[in-house]
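Below is one structure, written out as structure tokens; the observations come after it.
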Amino acid sequence: MHTATSNPETLKDAVNRNDMPKREPDPVLIAIMGGTGTGKSSFINLVSGGNLEVGTGLLSCTQGVEVSPLFEMEGRRIILIDTPGFDDTQLSDTEILTTISLFLSAMYEEGKHLNGVLFFHRISDFRVGGISRRNIEMFRSLCGDTNMGNVAIVTNMWGEIDFTKGEAREKELREGDLFFKPALDHGASLLRHDGTTESAENILRSLIYKDHFVLQLQRELIIERKDVAHTTAGLVLDRELTEQAEKYEKEMKEIQDEVQDALDSKDKATADELTLAREDLEKKRQKAMADRDGLKLRYRQEKGSVDMSLTQLKQALQKEQLANAKIQRNLDQSLLLGRQQQQQAASREAAAETELRQQIVSLRSQVQDRRNEDREGVALLNRVLPAVTTVIRTTMNVVSALVPRSPPRRDVAGSSLGDTWRGSPPTPQRRGGGYDAYR
């Protein structure tokens, strides 16, 4: 199944639409050709989810080239290109060929190439008349026989005809040299469309995996640099218009003879009616000749206009690109400056963190050293204290042994000297080399 996106206004917009950050393959481009009312627009709307105008009357809806919405099928992005038929009720064949030529030239110059062509034909047509045969011949001249491997001919409107009759007409189209046999002999395929989405997708599936190619008209206009009037399609149209003019001229001569006969028989009413018919044919003949002679001029004029518009568009695009590049440079510089500032701040933070870690390590080391010193001091004290205690006790014992105890003397009041000294303390008397005890 497929999913549709927004409806692009131009092929370039549609092809260049890309919302994904990575570059995707170019869309598959398929041109839709055929006469007016063969179901081209309906097919495009059915398979793409678009809303191209569909014609129901004699007036043609597709006056110019239209582009479908971009849609997906089997992982392929697809764009369908709707072209006007060479039986348009509002445009002459010359205008149609000019329009198609300009579009295909611009498409080629933009580097966009078709992957396939679908040509639509009504199986319900009672017979294949001159207009249908002209559409078929113009279609072949636009594509070129060497490209028929990228072409599928689609018979449509099967629901409007008895199936058995439809098969008989399909056989006639397949085997007739004036119809599709030459295209089929060169590799084109003949497919049926029953109006369903499944049928439409199967038809597209026959082309979406084809490699892109260059139409014969594109090669003649761009690579061989021919004037449109000298291309294969231009020569076919020139011949058709010349034959039309000659046909009108022949009919005019026949009517002129009939007018003379009516005048000879004094049938003025018939003569006047035939004269009006002759004048109408003369207008058609002049228009056919004007279209034939004006093909080259019209293409050159419109090509010049299109080229000028493209030049202006490219200039505007270049200005926009320069402006965007300047904005991007400023943005890049701002981002670079921001990154540098972030890096500097990060470096400062890292340096401060490193210094803090070093200080913490140093403090921990000092604390540990002091703890070690305290532990060593306590250990030393624990070792020395018993010895000191022993020395003190020994000394006190010696002192006690050397100094005998005397009864305490009484003062005048009868107080013990051991309790209170009255007046001056007693003076020790020296005996020999030492002092005697207190007296």
**Q.** Inter-centroid distance (Cα atoms) of the range 336-390 relative to the range 91-107, Å
**A.** 88
Q. Given the Cα atoms of the range 195-309, and with Rh set as the inverse mean 1/r over their pairs in the Kirkwood sense, what is Rg to Rh to two decimals?
A. 1.26
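Mind checking the dipole of the range 89-195: about its Cα centre, +1 per Lys or Arg Cβ, -1 per Asp or Glu Cβ, Debye to the nearest 20?
140
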Q.
Compute the distance from the alpha-carbon center of the range 63-79 to that of the range 206-222, in whole Å.
A. 16
(Q) Among 321-329, 216-224, 69-77, 171-179, how do they line up by average Cβ neighbours within 10 Å per residue, starting with the highest? (A) 216-224, 69-77, 171-179, 321-329
**Q.** Note, ³J(HN,Hα) from phi for the range 191-208, Karplus 6.51, -1.76, 1.60, rounded to Hz, x at Gly and Pro
**A.** 10, 9, 10, 9, x, 8, 5, 4, 5, 4, 5, 5, 5, 5, 4, 6, 10, 5
Q) Given the protein chains as shown and a 1.4 Å probe, how many square angstrom of F213 are accessible, to the nearest 10? A) 20
Q) Probe 1.4 Å, all protein chains in place: accessible area of S347 in Å², nearest 10? A) 70
Q) When only alpha-carbon atoms count, how far does the range 72-229 stretch along each of its three principal axes, as whole angstroms with the largest first? A) 47, 40, 31
Q.
Suppose accessible area is computed on protein heavy atoms with a 1.4 Å probe; arrange R278, R339 from highest to lowest.
A. R339, R278
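The values are calculated or read from the model by the stated rules, or taken from the named source; none is laboratory data. Quick caveat, the model's predicted, so the values are computed rather than measured. We place every Cβ from the backbone using ideal geometry, glycine too, and count neighbours over all the protein chains shown. To get the accessible areas, we keep the full protein, side chains included, count just its heavy atoms, and leave off ligands, DNA and RNA. Shrake-Rupley method; radii C 1.70, N 1.55, O 1.52, S 1.80 Å.
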